[in-house]
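Input: a single structure, listed below in structure tokens.
Readers should treat all values here as calculations from the given coordinates under stated rules, not as data from a laboratory. Since the model is a prediction, treat every value here as computed from it, not as a measurement. FYI the Cβ positions are ideal-geometry reconstructions off the backbone, even for glycines, and counts take in every protein chain you see.
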Amino acid sequence: MKEKITREFEKIFGSTDGAKCYFAPGRVNLIGEHTDYNGGHVFPCALTIGTYGIACKREDRLMRFYSMNFEKDGVIEVSLDEELKPDPSRGWTNYPLGIVWAFKERGLSLDKGFDMLINGNIPNGSGLSSSASVEVLMGFILCDIYGFKDITNQDLALIGQFSENNFNGVNCGIMDQFAIAMGKKDCAIFLDTNTLKYEYTPVKLIGSKLVIACSNKKRGLGDSKYNERRAECEEALKRIKTVKDISALGDLTAAEFDEIKDVIGDPILEKRAKHAVYENERTVRAVAALKANDIDTFGNLMIESDTSLREDYEVTGIELDTLVSEALKVDGVIGSRMTGAGFGGCTVSIVKDEAIDTFIEKVGAAYKDKIGYAADFYTVSVGDGPMVI
């Protein structure tokens, strides 16, 4: 990939003098969905697929962007001297531009522009965080070529979330950027999103692998019901706080929630809050099971998680439901669930090695038969965070 993007960079921008190559991973969340903005725990890991980039500093104030994934957009030029604000006509570049804007908001202004080319092998709109991967990649590149030495990888995660919230208008939590910026090979990150306290937990799937099924139903977070779900949880929290002093739904145990849930007074809001509380507890139990090498319990908790996302949080849809239900019919599947924001995107399954080919064949055929178009499958490994390559 390094040779490929270097050749393309020279073709598009004329020279590779001073250019360096970079990589930032995608991520998949093994369990703990829609808990990150509710002050709960999540358990994501970085992947070995992600976004590759090559960039170099310019002598003028121009930023030039090119994506091999969106060749028809050509080179998109933006001056550092103009006011940076989101512009639909700039397409994908709103994500890296949001990072430049967020750096400036932190007092880290760029003295000169840059040329940047990217090529991602994360399916676009899949729910594997292609946007967060681009954000972390951009931040990592800026730190490297402009010498912002005091910015840590954890800072990059926070900057990425800040830009997505305040520049691109998506009210996301911290999980995606954190998992990508802080990724560690063969480990998932057990993260308390309320405190940002985290620990690395080895992912030892002896005799099994992670298989991601991409529904190929495109969705954008900004136009999904993501912000609506967040608002529903905030309203439920507000009502619970009238009887209990908590800062987030993640502060409650399932037993505590069941005692005071009637104060919410709305069946829909109650279901949303129930998912946030129960999913947080499931995530804590799942990590304990993984540490004890109890993969079967981990798999069962993944299935419980998916049921809750379908019935209480209502963020799945026929595409994801079909992928999970068909997965669970295949011998050798230990667990399966939707992952990401929902409304399309991907599922993640733990599948025994000897069953992977059968899994892809059977689930793929059933999905195409029911939905009318094909799903894509990826057998993935757990990788590191952003790096120079």
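Is the C-alpha gyration tensor of the stretch 2-202 telling us rounded, prolate or oblate? Criteria: a/c under 1.5 is rounded; beyond that, a/b larger than b/c is prolate, otherwise oblate. Kindly include the intermediate steps, with their values, before the conclusion.
Numbers: a/c = 1.80, a/b = 1.53, b/c = 1.17.
Prolate, since a/c reaches 1.5 and a/b exceeds b/c.
Quick one: putting +1 on the C-beta of Lys and Arg, -1 on the C-beta of Asp and Glu, what dipole do you get for the stretch 2-202 around its Cα centre, in Debye to the nearest 20?
Values: 20 positive and 27 negative charges, 74 e Å.
In debye, rounded to 20, the stretch 2-202 gives about 360.
So what is the calculated 222 nm ellipticity per residue for the chain, using -39500 (n - 2.57) for each DSSP H run with n of 4 or more, over all residues, to the nearest 500 deg cm²/dmol?
Values: 11 runs with 152 residues, N = 389.
Value at 222 nm, helices only: -12500 deg cm²/dmol.
By its C-alpha gyration tensor, with a ≥ b ≥ c as the square roots of the eigenvalues, how is the stretch 72-111 shaped: rounded for a/c under 1.5, else prolate for a/b larger than b/c, else oblate?
Details: a/c = 2.33, a/b = 1.88, b/c = 1.24.
Verdict is prolate for the stretch 72-111.
Highest mean first, what order results for 235-242, 48-55 on Cβ atoms within 10 Å? All intermediate terms of the calculation are to be shown ahead of the outcome.
Numbers: 235-242: 17.1, 48-55: 24.6.
By packing density, highest mean first, the sequence is 48-55, 235-242.
Shape of the stretch 160-306 from its Cα gyration tensor (a ≥ b ≥ c, root eigenvalues): rounded if a/c is under 1.5, otherwise prolate when a/b > b/c, or oblate?
Working: a/c = 1.73, a/b = 1.27, b/c = 1.36.
Since a/c reaches 1.5 but b/c is at least a/b, the shape of the stretch 160-306 is classed as oblate.
Restricting attention to the stretch 61-133, which GluC sites (Glu not before Pro) occupy a DSSP loop and are surrounded by at most 16 other Cβ atoms within 10 Å?
Values: sites: Glu71, Glu77, Glu82, Glu83, Glu105; in loops: Glu82, Glu83.
Within the stretch 61-133, the qualifying GluC sites (Glu not before Pro) (loop, at most 16 other Cβ atoms within 10 Å) are Glu82, Glu83.
I want the local charge near Leu301. Using Cβ-Cβ distances under 11 Å, sum +1 for each Lys or Arg and -1 for each Asp or Glu among the other residues. Present the calculation step by step, with values, prior to reporting the outcome.
Numbers: positive: Arg282, Arg285, Arg337; negative: Glu279, Glu281, Asp294, Asp296, Glu304, Asp306.
Result for the neighbourhood of Leu301: -3.
On a 0 to 90° scale, report how tilted helix 153-166 is relative to the longest principal axis of the chain, with both axes built from alpha carbons and the result rounded to the nearest 10.
Compared with the principal axis, the helix lies near 90 degrees.
Over 25 Å between Cα atoms, which of Lys241/Lys271; Lys20/Lys85; Lys149/Lys197; Lys184/Lys209; Lys4/Lys57; Lys291/Lys362 qualify?
Among Lys241/Lys271; Lys20/Lys85; Lys149/Lys197; Lys184/Lys209; Lys4/Lys57; Lys291/Lys362, the Cα-Cα distance tops 25 Å for Lys20/Lys85; Lys291/Lys362.
Might you report the magnitude of the Cβ-based charge dipole of the chain about its Cα centre, with Lys and Arg at +1 and Asp and Glu at -1, to the nearest 20 debye?
520
Have a look at Ala19, Ala273, Ala327 and tell me which one the Gaussian network model of the chain (Cα, springs below 10 Å) gives the largest fluctuation.
Largest GNM mean-square fluctuation: Ala19.
Residues of the stretch 27-68 with amide nitrogen under 14 Å from the 7 Å Cα-to-Cβ point of Ser79?
Within reach of a label on Ser79: 60-64.
What's the local net charge at Gly160, with K and R +1, D and E -1, over the other residues with C-beta under 11 Å away? Before the final figure, lay out each step's value.
Working: positive: none; negative: Glu135, Asp155, Glu164, Asp176.
Counting the neighbours of Gly160, the net charge comes to -4.
Could you calculate, for the stretch 1-84, the ratio of the Cα radius of gyration to the Kirkwood radius, expressed as Rg to Rh? It would help to have the intermediate numbers written out before the result.
Values: Rg = 17.4 Å, Rh = 15.7 Å.
Here Rg/Rh amounts to 1.11.
Tally Lys/Arg at +1 and Asp/Glu at -1 over every other residue whose Cβ is under 15 Å from the Cβ of Phe23; what's the total? Walk me through the numbers before you get to the answer.
Working: positive: Lys2, Lys4, Lys20, Arg27, Lys184, Lys185; negative: Glu3, Glu135, Asp144, Asp384.
Value of the local net charge: +2.
Treat each spin label as a single point 7 Å out from the Cα along the C-beta direction, and report the Glu361 to Met387 distance in nm.
3.5
Among Leu47, Leu62, Leu252, whose mean-square fluctuation peaks in a Gaussian network model of the chain (Cα, cutoff 10 Å)?
Leu62
Quick one, can you get me the convex hull of the C-alpha atoms of the chain expressed as volume per residue in Å³? The partial results should precede the final answer.
On the way: hull volume 54.5 nm³, N = 389.
Residue-normalised Cα hull volume stands at 140 Å³.
Can you tell me the length gained on complete extension of the stretch Ala374 to Arg285, counting 0.36 nm per residue apart and subtracting the Cα distance?
Numbers: separation 89, 0.36 × 89 = 32.04 nm, distance 3.44 nm.
So the extension gain works out to 28.6 nm.
On a 0 to 90° scale, report how tilted helix 295-311 is relative to the longest principal axis of the chain, with both axes built from alpha carbons and the result rounded to the nearest 10.
Its long axis makes an angle of about 90 degrees.
Compare Gly332, Gly342, Gly120 in a GNM of the chain, Cα atoms joined below 10 Å, and give the one with the largest fluctuation.
Looking only at Gly332, Gly342, Gly120, the biggest GNM fluctuation is shown by Gly332.
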